[in-house]
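Asker: Sharing a structure here in structure tokens format.
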Amino acid sequence: MSDGLTKYDTAEYISDDADIAALLEVAIEERDPEFLADSIGAAARALGMAELAKRLGIPRQELFELVNAAVPPPDLSALEAVAHRLIDQATKSNAA
């Protein structure tokens with residue numbers, strides 16, 4: 001039985017680094033680790049997990065575990081550190 005709705009995926013609306021930075025800035029302001037993890041996950045789906053891990057200089061598996069941590073809940077400070085690094089990279093790439 002279909003209700004006519006389609007599944008929403010933020011990753012489909014991310015087209016560049018500026019979009020990633022905007023999404024992560026909002027997610028950081030919310031101070032919700034699950035929302036922040038989901039937002040980083042959307043960036044990873046948009047760019048590819050391997051590409052995002054490469055940009056961050058961390059193993060792909062480490063990034064995967066960070067954004068998919070269900071139990072225990074994701075570590076907000078670790079997520080914020082990753083988000084800030086991505087925002088900084090986006091800001092630098094847009095300035096170039």
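The values are calculated or read from the model by the stated rules, or taken from the named source; none is laboratory data. Keep in mind that this is a model prediction, so the values were computed, not measured. As a convention, Cβ positions derive from the backbone with ideal geometry for all residues, glycine included, and neighbour counts pool all protein chains shown.
Asker: How many of the residues in the stretch 81-96 are without any contact (Cβ under 8 Å) to a residue 24 or more places away in the chain and either surrounded by 14 or more Cβ atoms within 10 Å (Cβ to Cβ) or small (Gly, Ala, Ser) (or both)?
Answerer: 3
Asker: Kindly provide the set of residues from the stretch 27-42 that are closer than 13 Å to Leu79 by Cα, assigned to a helix (DSSP H, G or I) and not acidic (Asp, Glu), ordered by number.
Answerer: Selection gives Ala27, Ile28, Pro33, Phe35, Leu36, Ala37, Ser39, Ile40, Gly41.
Asker: May I ask you to list the residues in the stretch 32-76 that are under 21 Å from Lys92 (Cα atoms) and aliphatic (A, V, I, L, M)?
Answerer: Across the stretch 32-76, the qualifying residues are Ile40, Ala42, Ala43, Ala44, Ala46, Leu47, Met49, Ala50, Leu52, Ala53, Leu56, Ile58.
Asker: Moving to a separate point now. Just one of Glu12, Glu25, Glu29 is touching a helix residue (DSSP H, G or I) at 6+ places or on another chain (Cβ under 7 Å), among the acidic types (Asp, Glu) and modelled with pLDDT of 95 or more; which is it?
Answerer: Every option except Glu25 fails the conditions.
Asker: Does the stretch 63-80 hold any residues that are at pLDDT 90 or above and loosely packed, with under 13 Cβ neighbours inside 10 Å, and which are they?
Answerer: Residue satisfying the conditions is Ser77 alone.
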